[in-house]
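This report refers to the structure that appears directly beneath it.
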Amino acid sequence: MKRLPILLFCTAFSLQILAQDALNQYFEKSIQKNYSYLEKIYKNLHQHPELSFQEEKTSQKLATELRTWGYEVTEKIGGFGIVGVLKNGEGPTVLIRADMDALPIKEETNLAYASTVSTNDITGDHVPVMHACGHDMHMTVWLGTAHALATNKKNWSGTVVFIGQPAEERSGGAKAMLKDGLYEQFPQPDYAIALHVSANLPAGTIGYCPEYAMANVDMLNITIYGEGGHGAYPHTTIDPIVVAAKLILDLQTIVSREVSPLDPAVVTVGSIHGGAKGNVIPNEVELKLTMRSYSDEVRDLLIKRIEEKCIAAAESADLHKELYPKVELLNEFTPSLYNDPSLTERMANVFIQTIGAENVKEVPPVMAGEDFGRYGRTEEDVPIMLYWLGAVDPVKVEEAARTEMPLPSLHSSKFAPLPEPTIKTGVRSMTAAVLHLLKG
C-alpha cells in the first residue's frame with residue numbers, strides 16, 4: 001500500500017511530460033507553418049527601423065497584425081506604445097513585452113535587407129538608423145507568439161497582454177507606459193516576461209539568469225569650475241583641468257575602496273572636455289559619466305560619494321563655494337532588472353522541456369541596462385523574468401572561440417542575428433512559457 005502514492009505520483013508526472021511533448025509538437029507545426037511569414041516580417045522591420053519616441057510606423061504595423069488575430073488593441077500609450085489584450089476564459093494574466101526602437105548607427109552588415117534609413121533625431125541632428133540591439137527580432141518573436149496563442153485558444157485559458165514598448169534605448173518607454181496607466185487601464189498581470197537577443201550565445205539556445213540580471217544605469221554630467229588665465233602664468237589661476245584630473249582618479253577609489261567587492265559597481269568617466277588652446281587655462285571642464293550598480297543601496301552610495309568627492313576636489317584647490325562643481329544626474333535612469341527567482345526556475349524548466357537541456361544554460365548577470373525591470377518595481381509587485389535568446393550563427397561562435405576574436409556585440413554596426421533558427425527558438429520558448437503560466 002505504501003507504494004501506491006509513489007506509483008500515482010510517477011504516473012501523473014509521466015502523463016504531464018507526455019502532455020507537454022504533445023503540446024510542443026502541436027505548436028511546432030504551427031511555428032513551421034508560419035515561419036516564412038515571420039521571416040518576411042523580421043526583414044521588413046529590420047529594413048525600416050525607427051528611433052526612440054519615433055516608432056509611429058512600427059507600432060502601426062504591430063497593431064494591425066494584432067487586430068487581424070482578434071486582439072483588442074489600444075495605441076499611443078506612453079508615446080507610440082501599443083497594448084493588445086486577448087481574453088480567453090478564466091485564468092492568470094500574462095504580460096509579454098517587446099521593445100520597438102532602433103539606434104542611431106550606420107549599418108555595416110552587408111545583409112541584403114540591411115537598413116539604409118536615416119532621419120532626424122529628437123535634437124534635430126540627421127543620423128543613420130539601425131536595429132543594432134535586436135529589437136526587430138524581439139518584435140518578430142512577439143508577433144509569432146501572439147499569433148500562436150490567438151489561433152490555438154483551445155489549449156489555454158486566461159488573459160494575455162502584449163505590449164509594444166517605445167524608447168527602451170533611451171530608458172523612457174517603460175516609465176512612460178506605466179505612467180500612462182498600463183496597470184490601471186488594462187488587465188493587471190500576474191506575470192510579465194520578455195526576451196533579449198544575445199550577441200554571444202549560438203542561435204537555437206537560451207540563457208537565463210535568476211535574481212539580478214542587469215544593472216541600475218545612471219548618466220551624470222559634472223562641470224568643474226576654475227579661474228582661467230594665461231598658460232604661462234598658472235600661479236595666477238585655479239586650473240579646472242588639474243582639478244578634473246584629480247577628481248577622475250579619486251572617483252575610481254569609490255568602487256575599489258568604498259563598495260564591497262561582493263557588490264558589483266562601475267563608475268566610468270567616458271568624456272572630458274575643457275579648453276581650446278594649449279596656452280590658455282579655461283574657466284571650466286565638463287565630464288560625462290556612467291554609473292552602474294545592482295542594489296539601490298549601492299546606487300545611493302555612489303551618488304553620495306561622487307558629490308562629496310567633487311566638493312573635496314574643489315576645496316583642495318581653494319575654490320570658493322560658488323565655484324564648487326555642479327553635479328547633474330540626468331533623467332535617463334534605468335533601474336536594475338531583477339528576475340523573480342521562482343518564476344525564473346519555472347521558466348528554465350519549461351525551456352528545457354521545450355528545446356532540450358543541452359540548449360539551455362544559466363548565464364551570469366551583466367552591467368548593461370534594460371528598462372523591462374520597471375514592470376516589476378511597481379506597487380503591484382509583479383514577478384518578472386527576461387531571458388536571453390541566442391542569435392549568433394553557431395559556426396561563428398565556434399570560430400570566435402577558436403581564434404579568440406570577439407563577435408560583434410549588441411549596438412555594433414555589424415551585429416546581425418541569424419533569422420533561422422533564432423525566430424523559431426524564440427517563438428517556441430515564449431509560447432511554451434506563456435502556456436505554462438496560463439495552465440495551458
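The values are calculated or read from the model by the stated rules, or taken from the named source; none is laboratory data. Everything numeric in this text was worked out from a predicted model, so none of it was measured. Don't worry about glycine lacking a Cβ; one is built from the backbone with ideal geometry, like all the others, and counts go over all protein chains shown.
Summary of values
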| read-out | value |
| --- | --- |
| All positions within region 325-359 that are part of a helix (DSSP H, G or I) and either without any contact (Cβ under 8 Å) to a residue 40 or more places away in the chain or not assigned by TED's automatic domain parsing to the domain that holds Pro421 (or both) | Asn349, Ile352, Ala357, Glu358 |
| Residues located in region 278-309, provided they are of a type in the set (Val, Ile, Thr) and assigned to a helix (DSSP H, G or I) | Val298, Ile303, Ile306 |
| Restricting region 325-367 to residues that are in contact with a His (Cβ under 8 Å, 6 or more places away or on another chain) and of a type in the set (A, V, I, L, M, F, W, C), the residue that is surrounded by the most Cβ atoms within 10 Å (Cβ to Cβ) | Met347 |
| Conditions (1) without any contact (Cβ under 8 Å) to a residue 40 or more places away in the chain; (2) touching a Leu at 6+ places or on another chain (Cβ under 9 Å); (3) small (Gly, Ala, Ser): number failed by Gly207 | (1) |
| Residue tally, condition of a type outside the set (Val, Ile, Thr), surrounded by fewer than 16 Cβ atoms within 10 Å (Cβ to Cβ) and either touching a Phe, Trp or Tyr at 6+ places or on another chain (Cβ under 6 Å) or closer than 24 Å to Ser36 by Cα (or both), over region 144-154 | 1 |
| Yes/no for Pro365 being touching a strand residue (DSSP E or B) at 6+ places or on another chain (Cβ under 7 Å), farther than 21 Å from Tyr42 by Cα and not in a helix (DSSP H, G or I) | yes |
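Residue-wise test of (1) in contact with a Gly (Cβ under 6 Å, 6 or more places away or on another chain); (2) in the same structural domain as Tyr294 (by TED's automatic domain parsing); (3) part of a loop (DSSP other than H, G, I, E, B).
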{"site": "Gly373", "(1), (2), (3)": "no, no, no"}
{"site": "Thr378", "(1), (2), (3)": "no, no, yes"}
{"site": "Asp381", "(1), (2), (3)": "no, no, yes"}
{"site": "Leu389", "(1), (2), (3)": "yes, no, no"}
{"site": "Val397", "(1), (2), (3)": "no, no, no"}
{"site": "Ala400", "(1), (2), (3)": "no, no, no"}
{"site": "Leu410", "(1), (2), (3)": "no, no, yes"}
{"site": "Ile423", "(1), (2), (3)": "no, no, no"}
{"site": "Gly426", "(1), (2), (3)": "no, no, no"}
